[in-house]
Amino acid sequence: MAPLLQISNLGKIYADGTVAINDVSLDVSAGEFVVILGPSGSGKTSLLRCINGLIKPTSGTIVLDEILVNSKNLRSVRKRVGLIFQHFNLVGNLSSLNNVLTGLLGDNSTIASLCFLFKKDLKIRALECLDRVGLLDKARVRADKLSGGQQQRVGIARAIARNPMLILADEPVASLDPMIAYSVLSLLKNICLSQGITVICNIHQVDFALKFADRIIGLSTGKIVLDAPIQDVTEQLIHSIYGGHEHGMFFGPAASKSPEDNNMKMAV
Amino acid sequence: MSTTEHTLTLRMVVAPASNDEGSLNFSELVAFLNNQDHLTIHMDHCSDYAEAIDALESGRAQIGWLGPYAYRGIEEKGVVEAFAIGVPEGRNSPNYRSVFIAHANSQINRLADIKNKRLAVSDIHSTSGYAVPRRELGDIGIHLENAHEFSSLITAHNHDEAIRLVICDEVDVAAVSSINLDDSIARGVLEAQNIKVIHTSPDIPGAPLVFSTTLPKETKKWIKTTILNAHKSIKVGGYGGQLKKYVDPLESRIQFLESYLYPQWGWRTYANTILLIGLAWYCFIDLEIEVIGLFSDMSSYFMDVVGRMLPPDFSNPRDLALSMLETIEIAFLGTLLAIVLSTPIGILSARNVAPNKIIYILARTITVFFRAVPEFIMAMILVIAVGFGAIPGVLALGFHTMGFLAKFYAEDIEHVKSGPIEALQSTGASPLQVLAFAVIPQIIPSFVGNNLYILDRNIRMATMLGIVGAGGIGYELQSSFRMFHYPRVSAIVLVIFVTILGIDLLSSAIRKRVQ
């Protein structure tokens, strides 16, 4: 069986000459929970945006479910992909239910949508998704009245409303506290396991990556520097992603390592 | 599977929600199934949820009742599927609630009072005895996972025991299923006036009967149909004792979700729409506007006027250009005056930066005053005061649009992001420094945009001001009208149009650079 997502020799150079992605090739199978790690500016977000067709790669191809991602197939690709954002991107003065329904606009007629009318089965589906994320009783509440964690849950409900094959999550927990971040990632993992939806997730927290991922991909300056199933990932490999920074950055207590550090403190 | 096969023997497991046979009673239902001579079912009452789950997962049992939460867990693994759900007597839905009960003369009246008190819950697989109470308490910041948040936290074996603990004053509060509570009262175990309900959860979908997905399709279909129709032949029992009937979980699930639906168009939307149409209707009637007559008359007059205006008369192009230029100059100076005047007044009339309320109200009043006096009136008065020419035009435009610009600035300032302001305040910056470094930079793009809009508007208005004698192309327009020289009028209108178009292109180019 062909993998769900096939990325071959992908490259992206922005108009200002920045090389965001540099010859990335990657296969993702159905049902995998893939975490992409990498320092800021390593091309994680660009990669996700290419998969969804939000930006056009300069070279290479992306094939999702045997459909080539290009401007012609955009609609059918996006139908299969749910997106989750760092800042949730909910419409604040719409109710949670209406926010989830925005994920189903593709299945509703334009005229009816402009009058804010939805078919009943779509509304039931949206409520089902809200129940899936544990927010059924908040269906009528305006999105901006919800807490950050609840807002991201509504974001997840919106992403799964159309039964996507793939969820792309761009730093979904970067603006949440660790407890809530944990519960949001658990929910994503749960959806991945129970509904067989593939998840590709950018996160900055290495501990969460190790906890939830089936596979970790390390990006650095647009190149893949690590691609390993979770059981093969070692502390050493994680460090290699971040360009061999100090050993104690993720593990063990922080302490000033060099005399220069102390000198700097004195100077201040 | 044919109906002649009598040998199929199945095992059914029932998780403990109650120790009373009456409130969790599947025996009549099982007997009814066994009497159909299709299969034989042996029923086991398990001592806890885990035992029942294990039996279904390992294949030792093929039918079960697990409560709604525990069943969801193993349904997700594809081990079982729900096929029937009981509707209690006197109810229309299989849903129930989790209730927090306390002794009638207890001091506890709200959920928040539970903190540091004695609480009884059921084991973690129970929906109404653990999962829902945990969520309800979590919403108000009490964590069932942290036992130290309570003076004691007791895990009761089942809901009936939890109820008994409250009655015997061994705990202050218990979280139990509304079905068990109603049932205990109905059986006379509990006097309703001895307890009080301090909190009721939202609806919980009822607990279904499940069977193993590995059962043959025919068998599953037979069991499901027989149970869904059993209430026609016997009095069916189940969770909550006597039941009205069993229904398809999928249908009841949809009904449950539907209970959360609300109309997309609330009554307010309808009321406002009707009000708006009514108001417009009233205005039409009050102004005696005849819509149909208007259109038929207008079209004939309009064609006549347009016919007389063509072709445009561009003779004396120098005069035309010079008077247009004069108009542009008046508008430019007027706009400049407006910007100079409105910058301080705009800042003072922004609620978030005004030094005090009196200055704020004063500044607001000034802006409203100059907006309220039309520039026409202002120009007429000024023409009388300082005579014909450009000066009354400049002053009229400057003061009138000052009122607008100040309002625009004030609104922009009121909507700036407060983050940078706080950041600067926290460094000890003075109010004026905060204004210069956190407020002004944020409003620069809209500042430029508003000024360009006012320039555009002032050029249009300056053409009209000529009519009252305040100089520019308006004077030309006025005299052409007076002499019924309509081709000249159309030429002037075209010149004005081209000028405004040019200003529009220029301002969008400038705006692009400022963003």
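Structural remarks
- For the stretch B:218-254, a residue qualifies if it is within 14 Å of chain A (Cβ to nearest Cβ) and either on the phi > 0 side of the Ramachandran plot or surrounded by fewer than 15 Cβ atoms within 10 Å (Cβ to Cβ) (or both), and the qualifying residues are B:L250, B:E251.
- Boolean, B:L506 is closer than 20 Å to B:L397 by Cβ, assigned to a helix (DSSP H, G or I) and without any contact (Cβ under 8 Å) to a residue 60 or more places away in the chain: yes
- Breaking point among (1) touching a Leu at 6+ places or on another chain (Cβ under 8 Å); (2) within 22 Å of B:R253 (Cβ to Cβ); (3) crowded, with 19+ Cβ neighbours inside 10 Å, for B:L209: (1)
- All conditions in (1) in contact with a strand residue (DSSP E or B) (Cβ under 7 Å, 6 or more places away or on another chain); (2) closer than 27 Å to A:L237 by Cα hold for A:G41, with the sole exception of (1).
- Selected residue [within 15 Å of B:I339 (Cα to Cα) and outside any loop (DSSP other than H, G, I, E, B)] from B:A423, B:A396, B:A385: B:A396
- Strands (runs of 3 or more DSSP E) enclosed by the stretch A:1-91 - at least 2 residues per element that are β-branched (V, I, T), in contact (Cβ under 8 Å) with a residue 40 or more places away in the chain and under 14 Å from A:C201 (Cα atoms): A:33-37, A:81-84
- Of all the residues in the stretch B:457-501, those that are open to solvent by 70 Å² or more (accessible area, probe 1.4 Å), closer than 17 Å to B:R308 by Cβ and in a helix (DSSP H, G or I) number 4.
- Filtered by the rule that a residue be part of a helix (DSSP H, G or I), open to solvent by less than 60 Å² (accessible area, probe 1.4 Å) and in contact (Cβ under 8 Å) with a residue 40 or more places away in the chain, the stretch B:27-52 gives B:S27, B:L29, B:F32, B:L33, B:Y49, B:A50.
- In summary, A:I167 fulfils each of the numbered conditions (1) more than 14 Å from chain B (Cβ to nearest Cβ); (2) open to solvent by 10 Å² or more (accessible area, probe 1.4 Å) with the single exception of condition (2).
- When the residues of the stretch A:183-204 are filtered to those that are surrounded by fewer than 18 Cβ atoms within 10 Å (Cβ to Cβ) and of a type outside the set (S, T, N, Q), the one that is nearest to the other protein chains (Cβ to nearest Cβ) is A:L193.
- Restricting the stretch A:123-143 to residues that are more than 7 Å from chain B (Cβ to nearest Cβ) and of a type in the set (A, V, I, L, M) leaves a set whose member that is surrounded by the fewest Cβ atoms within 10 Å (Cβ to Cβ) is A:V141.
- Only residues that are farther than 12 Å from A:V154 by Cα and of a type outside the set (D, E) were counted in the stretch A:88-132, giving 21.
- Number of residues in the stretch A:103-122 that are surrounded by 11 or more Cβ atoms within 10 Å (Cβ to Cβ), of a type outside the set (D, E) and more than 13 Å from chain B (Cβ to nearest Cβ) equals 5.
- Boolean, B:R268 is part of a helix (DSSP H, G or I) and within 14 Å of chain A (Cβ to nearest Cβ): yes
The values are calculated or read from the model by the stated rules, or taken from the named source; none is laboratory data. These numbers come from a predicted model, not from an experiment. For neighbour counting, all protein chains shown are included, and Cβ atoms are generated from backbone atoms with ideal geometry for every residue, glycine included. Note: accessible area is taken over every heavy atom of the protein model, side chains too, but ligands, DNA and RNA are not part of it. Shrake-Rupley method; radii C 1.70, N 1.55, O 1.52, S 1.80 Å.
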